[in-house]
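The values are calculated or read from the model by the stated rules, or taken from the named source; none is laboratory data. Quick caveat: nothing in here was measured; it's all calculated off a predicted structure. Here Cβ is always computed from backbone atoms with ideal geometry, including for glycine, and neighbour counts include all displayed protein chains.
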Amino acid sequence: MRAAASESSGEGDNCMRNAYLRIGVAWAIAALAVACDDSGNTASDDLGLGGGLPMDAPDADEVDGGSSLDQGALPDLGVAPPPALACGDEAAIYDLNASGAVDEDGLWYLSGTTGGADWAGACSPAGLHTDAVVRFTAPAAGDWLLKTVHGTDLDTVVYVFTDCADAAATELACNDDAIGGHQSAVLVPLAVGQTVFIVVDAHQDPAPEESPAEQDFIIFARVADAPVVAEARLFVNTTVGSVGVTVRGTDADANVDWLSLVLRDAAGQEVGPLPMSGALDASFDWLEQDQGAFVGGFSLRGDFAAAVQSAEVVVVDADGLASAVAEAQVEVAPSVGEGAGCDIRRAYAACEADLLCVYGSCASADTEATCLPEWTVLALATDAPVAGRTGLGDQYAVGSCGGGGADAIYAFTAGEAGTYRFALSAVPDEAAPVLYVRSHCVVDDVLVELACNAEAPTALAVDLVAGQTVYVFVDGFEGTFTLTVTRG
């Protein structure tokens, strides 16, 4: 739960909510998980689309509204022995058309067991573990998504070829861990009546001698539609240093999930909170989709915002299917009045002076600063260390430099004017603490955060006037800590 932050202020932060953010190959922001394949590489294979997008997409059950491929809806087919169908000279295979099932939406599915010959694909070396071969004849033309799913413990690699007697020369696609959680998927254009052979390969375990030679798998096949972006807009607020992107479009499968974003300056060079070599992959801040249409947005903060002049946006669904690249040109974030809609980073719409963004609407800056009555808030005093624990209880807020776990909240009132230093100590590394101070406990507007830090040593300094009350949040994974506040 760490991202770069200054000890002295919250300005120039990354505004990366790591509860909602997924980082692909590009921005190595600390505490945000980087997708890795089983070999330790940080780049995932694409779906045979040629774009090379990182495919560490969230699981289907994390998507708003679920997915037609939600494993919870799968009937229990059991594990039947494969029919005696030849593949090359010796390997027995499954036949998805004959031995599988199809639902009313055209979703084919089959469960089986690995245990066959040792196949290999372009994205995976030979000798992983046991395999299964599934023959499939497309009943309709289209882009077919062939995907292993959760429901077993098997870590899969999937590759497809047209001639199992000459697999290497006829391979159409290969993928390892496209969907996250060690499941794999490929997207293959097929003509009606075209037959392909799908290899489900079991990834070799650290101690293969302890692994069963036969392992269960489940595979889905259906015609899939990638999202289509109709419009992408890029908003920049140089006053607070924020950037926001909104996209709208269509997706027949209604399972849009995340976006891939590249920000560029006037010279066309990539810009961002850290040196980059690719795209930022992130969950939407907000996403609405209904009857095949979607609209969503994502925002972030940082000193780089003033340099941003354009953006390239790709929308990805829960199956890992990506839209074409959409170009977005910069617009100035509009200033809006009391009662108008706003966002807490002031990227899409910035509240006018003396207003705060409170629950999505601009409201008076005199809005109540205290925490909600049901929140647990402890007292904090100067030179009086307190012991606490993160990762227990409820999640109340997220800092601009990280967070997203259960919080410990403290109220501190300055006895006299001065600079006060808040510091954490005796914290285990695995707790990955995030420390931030806010003038308003409940309000999430970026202007109420006085400082945020997630770097070790975890400490920050805030200038306060006499009698001013602030709220100190200690966020992170489960772990103990000691919090101390000193003046000067």
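Pull out all pairs, ordered by first then second residue, where Cβ-Cβ is under 9 Å, the residues are six or more apart or on different chains, the first lies in region 224-238 and is in contact (Cβ under 8 Å) with a residue 12 or more places away in the chain, and the second is assigned to a strand (DSSP E or B) and of a type in the set (Phe, Trp, Tyr).
Hits for this filter: Ala224/Trp144; Pro227/Phe294.
List, please: which pairs have Cβ atoms under 9 Å, are six or more places apart or on different chains, and start with a residue in region 129-144 that is at positive phi and end with one that is β-branched (Val, Ile, Thr) and surrounded by fewer than 17 Cβ atoms within 10 Å (Cβ to Cβ)?
Matching pairs, first to second residue: Gly142/Val192.
Only one of these conditions is not met by Thr376: (1) surrounded by fewer than 15 Cβ atoms within 10 Å (Cβ to Cβ); (2) in contact (Cβ under 8 Å) with a residue 60 or more places away in the chain. Which number is it?
Failing condition for Thr376: (2).
Any residue in region 280-308 that is assigned by TED's automatic domain parsing to the domain that holds Arg264 and touching a residue at least 12 places away in the same chain (Cβ under 8 Å) sitting within a Cβ distance under 7 Å of a residue that is in a strand (DSSP E or B) and of a type in the set (Asp, Glu)? List the pairs, counting only those 6 or more apart or interchain.
These pairs meet every condition: Phe294/Glu288; Val295/Glu288; Gly296/Glu288.
Of all residues in region 222-263 being acidic (Asp, Glu) and assigned to a strand (DSSP E or B), which is surrounded by the most Cβ atoms within 10 Å (Cβ to Cβ)?
Residue satisfying both the conditions and the ranking: Asp257.
For region 141-164, give me the residue count where each residue is modelled with pLDDT under 75 and farther than 23 Å from Ala226 by Cβ.
5
Whether any residue in region 317-340 is at pLDDT below 90, touching a helix residue (DSSP H, G or I) at 6+ places or on another chain (Cβ under 6 Å) and either in a strand (DSSP E or B) or over 23 Å from Tyr359 (Cβ atoms) (or both) is what I want to check.
Checking region 317-340: at least one residue is at pLDDT below 90, touching a helix residue (DSSP H, G or I) at 6+ places or on another chain (Cβ under 6 Å) and either in a strand (DSSP E or B) or over 23 Å from Tyr359 (Cβ atoms) (or both).
Output the number of residues of region 407-420 satisfying the condition of being touching a residue at least 60 places away in the same chain (Cβ under 8 Å), surrounded by fewer than 23 Cβ atoms within 10 Å (Cβ to Cβ) and closer than 18 Å to Trp375 by Cβ.
4
Among what's in region 168-195 and is at pLDDT 80 or above and in a helix (DSSP H, G or I), pick the residue that is nearest to Phe220 (Cα to Cα).
The extreme case among them is Thr170.
Output the number of residues of region 249-289 satisfying the condition of being at pLDDT below 90, under 22 Å from Gly360 (Cβ atoms) and among the charged types (D, E, K, R).
Of the residues in region 249-289, 1 are at pLDDT below 90, under 22 Å from Gly360 (Cβ atoms) and among the charged types (D, E, K, R).
Which residues, taken from region 476-485, are under 13 Å from Thr390 (Cα atoms), surrounded by 15 or more Cβ atoms within 10 Å (Cβ to Cβ) and at pLDDT 90 or above?
If the condition is that a residue be under 13 Å from Thr390 (Cα atoms), surrounded by 15 or more Cβ atoms within 10 Å (Cβ to Cβ) and at pLDDT 90 or above, then Phe481, Leu483 are the ones that fit.
Going residue by residue through region 421-441, is there one that turns out to be surrounded by fewer than 19 Cβ atoms within 10 Å (Cβ to Cβ) and β-branched (Val, Ile, Thr)?
Checked against the condition, which is being surrounded by fewer than 19 Cβ atoms within 10 Å (Cβ to Cβ) and β-branched (Val, Ile, Thr), region 421-441 yields no hits at all.
So which residues in region 233-257 are of a type outside the set (S, T, N, Q), over 12 Å from Phe294 (Cβ atoms) and touching a strand residue (DSSP E or B) at 6+ places or on another chain (Cβ under 6 Å), if there are any at all?
Listed by number, the residues that qualify are Arg233, Leu234, Phe235, Val236, Gly241, Val243, Gly244, Val245.
Would you be able to tell me the number of residues in region 297-330 that are buried (at least 18 other Cβ atoms within 10 Å of the Cβ) and within 13 Å of Val228 (Cα to Cα)?
Count: 9.
Each row is one residue, and each column tells you yes or no for (1) closer than 23 Å to Gly488 by Cβ; (2) not aliphatic (A, V, I, L, M).
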site	(1), (2)
Trp375	no, yes
Leu435	yes, no
Val443	no, no
Cys452	yes, yes
